[in-house]
């Protein structure tokens, strides 16, 4: 993909939700809710603070994140449906505990 978001924006690919309920009922596409979990594909360089210095983002490409139901702008890049949103629309990183075994530890 040849797209680089600006400032504190990120590009997110939605992760597919479950096709069946816990009882085994298959959910048709028209009745499914859009998943609120996704994988970050690309990140911008960061926002600028009052002094003009760039503040880097806390997330990076490859992170699995949770975001709000109506967050971001839906776009189609290279035939793929993606979301572009600000870092502030992201609620958190999934699977990152910050412990000794965490791969995402800074």
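The values are calculated or read from the model by the stated rules, or taken from the named source; none is laboratory data. It should be emphasised that the depicted structure is a prediction, and the values quoted were computed from it without experimental measurement. We place every Cβ from the backbone using ideal geometry, glycine too, and count neighbours over all the protein chains shown.
So which residues in segment 68-88 are more than 13 Å from residue 41 (Cα to Cα), surrounded by 14 or more Cβ atoms within 10 Å (Cβ to Cβ) and either modelled with pLDDT under 90 or over 13 Å from the mean Cα position of the chain (by Cα) (or both), if there are any at all?
Selection gives 71, 72.
Just one of 4, 14 is surrounded by 15 or more Cβ atoms within 10 Å (Cβ to Cβ), at pLDDT below 90 and touching a strand residue (DSSP E or B) at 6+ places or on another chain (Cβ under 7 Å); which is it? I'd like the intermediate steps shown before the answer.
Numbers: 4 fails: surrounded by 15 or more Cβ atoms within 10 Å (Cβ to Cβ).
The match here is 14.
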